[in-house]
Amino acid sequence: MSKLFSPITLAGLTLPNRVVVAPMCQYSATDGKAGDWHVQHYGALAASGPGMIVLEATGVSPEGRISPYCLGLYDDATEAALTSLVAKLKGFGESRIAIQLGHAGRKGAAAAPWDGGGPSGAWTNVAPSAVPFDENWPAPQALDETEMERLRHAFANAAARALRAGFDAIEVHSAHGYLLHQFLSPLANKRTDRYGGSLENRMRFPLEVIAAMRAAWPKDKPLGIRISATDWLEGGLTVEESQTYAKAFAAAGIDYVCVSSGGVVAKAPIPVGPGYQVHLAEAVGKACGLPIRAVGLIATPELAESVVAEGKAAMIAIGRGFLDNPRWVWHAAEKLGADIPYARQYRFASGRYWPGAKLARPAMAAE
């Protein structure tokens, strides 16, 4: 029996398997609204049967978006577009549909990656401190407590809109150098008030945001979080600090954690390789006791299965692997001997019915 293809329950939500589509920015929204690209992109993934799909980073305010082309959930128009998208996706399969809500902070207003990805100047960014992301980025405006209160409300309002839109789960974006991670990291947070300095102070604003979102989101629906467990740099956020943060957000009502790393500075010595962040996931899980999702070059069915079967994480997330192979779930299930449902329109493409399956899938074929 494959552990990867066994169900898991988070709060009151059961996922049919433990394969998750990681949030991946598509830079294809119009004024924050989802469109045709999102329907075909997420629809193809939903038809392939992952346990959960987490929609890309979605700004809780217009200036909270990573780029002018990113999704938002901050007004009636963006809510209506996502409501329509979620309804379509739920008709394509059994995947649970989640949304990652966040604020880009000093990394906002970026150009699309195919246009260089640098600062676009579309709006003035805000951050814990007036420290730029990189040498070619402008210094953001340091947030005062009045503006921070406005942002707490923005996160809570986005959570309420996500509920009305029909999402099954929310994932708080506290990773990859965006606003909540900026508060946590000493590399970005140079404040001298009650929101800077000690870890207790640096955690304060992220925990306030989580509390505001938890109050707006039902207890029987998962509220997850994605974190960068380490900045990979001396003087930055450490694994031990992330373990303390994890204990605190577990007490605040978080239901699962996706453990990633890096992103708060433009360059860091990250030792990228197969499963390179799994040990971070395992360390955070031991500290907080929550279901953990591991991510980062977990590309093969065998590695994914071993991570879950050995108890290093309860789930795995795949990002660009799904862009390369949207049918990763089908092929992995066949490789691991798991019997999963296909979309009925596609079932005759399964290895059970189509003898060409092994010829067409050399990377997934049995040895």
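The values are calculated or read from the model by the stated rules, or taken from the named source; none is laboratory data. All values derive from a computational prediction rather than experimental measurement. Backbone-built Cβ (ideal geometry, glycine too); neighbour counts: all protein chains shown.
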Mind listing just one residue for me: the one in region 18-30 that is part of a loop (DSSP other than H, G, I, E, B) and out of contact with any strand residue (DSSP E or B) (no Cβ under 8 Å at 6 or more places or on another chain) and, of those, farthest from G224 (Cα to Cα)? S28
Residues being under 19 Å from A109 (Cα atoms), part of a loop (DSSP other than H, G, I, E, B) and out of contact with any Asp or Glu (no Cβ under 9 Å at 6 or more places or on another chain): count how many of those fall in region 150-185. 3
Name every residue in region 84-120 that is of a type in the set (A, V, I, L, M, F, W, C), over 30 Å from E147 (Cα atoms) and touching a strand residue (DSSP E or B) at 6+ places or on another chain (Cβ under 9 Å), in order of residue number. L85, V86, L89, I97
Residue pairs, Cβ under 6 Å, 6 or more apart or interchain, first in region 239-263 and under 19 Å from G12 (Cβ atoms) and outside any loop (DSSP other than H, G, I, E, B), second basic (K, R) and at pLDDT below 95. List them. none
Pull up region 326-345, narrow it to residues that are part of a loop (DSSP other than H, G, I, E, B) and of a type in the set (K, R), then point me to the one that is modelled with the lowest pLDDT. R344
From the residues in region 134-149 that are out of contact with any strand residue (DSSP E or B) (no Cβ under 8 Å at 6 or more places or on another chain) and part of a loop (DSSP other than H, G, I, E, B), which one is surrounded by the most Cβ atoms within 10 Å (Cβ to Cβ)? A139
Would you check if there is a residue in region 101-112 being touching a Ser or Thr at 6+ places or on another chain (Cβ under 7 Å), surrounded by 24 or more Cβ atoms within 10 Å (Cβ to Cβ), farther than 15 Å from S67 by Cβ and in contact (Cβ under 8 Å) with a residue 60 or more places away in the chain? yes
Between G43, G59, G35, which is under 17 Å from the mean Cα position of the chain (by Cα) and at negative phi? G59
Suppose we filter G263, G224, G253 for residues that are modelled with pLDDT of 95 or more and touching a Ser or Thr at 6+ places or on another chain (Cβ under 9 Å); which single one remains? G263
Listed residues T58, T30, T9, T14; which is in contact with a Leu (Cβ under 8 Å, 6 or more places away or on another chain), surrounded by fewer than 17 Cβ atoms within 10 Å (Cβ to Cβ) and either at pLDDT 95 or above or closer than 14 Å to L89 by Cβ (or both)? T9
Reported set for region 40-65 where residues are assigned to a loop (DSSP other than H, G, I, E, B) and either in contact with a His (Cβ under 8 Å, 6 or more places away or on another chain) or not aliphatic (A, V, I, L, M) (or both) is S48, G49, P50, G51, V60, S61, R65
Go through the residues of region 208-218 one by one and say whether even a single one is within 18 Å of V257 (Cα to Cα), among the charged types (D, E, K, R), in contact with a strand residue (DSSP E or B) (Cβ under 7 Å, 6 or more places away or on another chain) and assigned to a helix (DSSP H, G or I). yes
Residues (among the aliphatic types (A, V, I, L, M) and closer than 12 Å to S129 by Cα) located in region 185-203: L187, A188
Every residue in region 113-130 that is buried (at least 17 other Cβ atoms within 10 Å of the Cβ) and either free of Cβ contacts under 8 Å to residues at least 24 places away in the same chain or aliphatic (A, V, I, L, M) (or both), please. P119, V126, A127
So, of the residues in region 154-172 that are out of contact with any helix residue (DSSP H, G or I) (no Cβ under 7 Å at 6 or more places or on another chain) and not hydrophobic (A, V, I, L, M, F, W, C), which turns out to be surrounded by the fewest Cβ atoms within 10 Å (Cβ to Cβ)? N157
Restricting region 66-123 to residues that are touching a His at 6+ places or on another chain (Cβ under 6 Å) and in a strand (DSSP E or B), the one nearest to L187 (Cα to Cα) turns out to be G102
Which one of these is at pLDDT 95 or above, over 19 Å from A162 (Cβ atoms) and not acidic (D, E): A22, A110, A98? A110
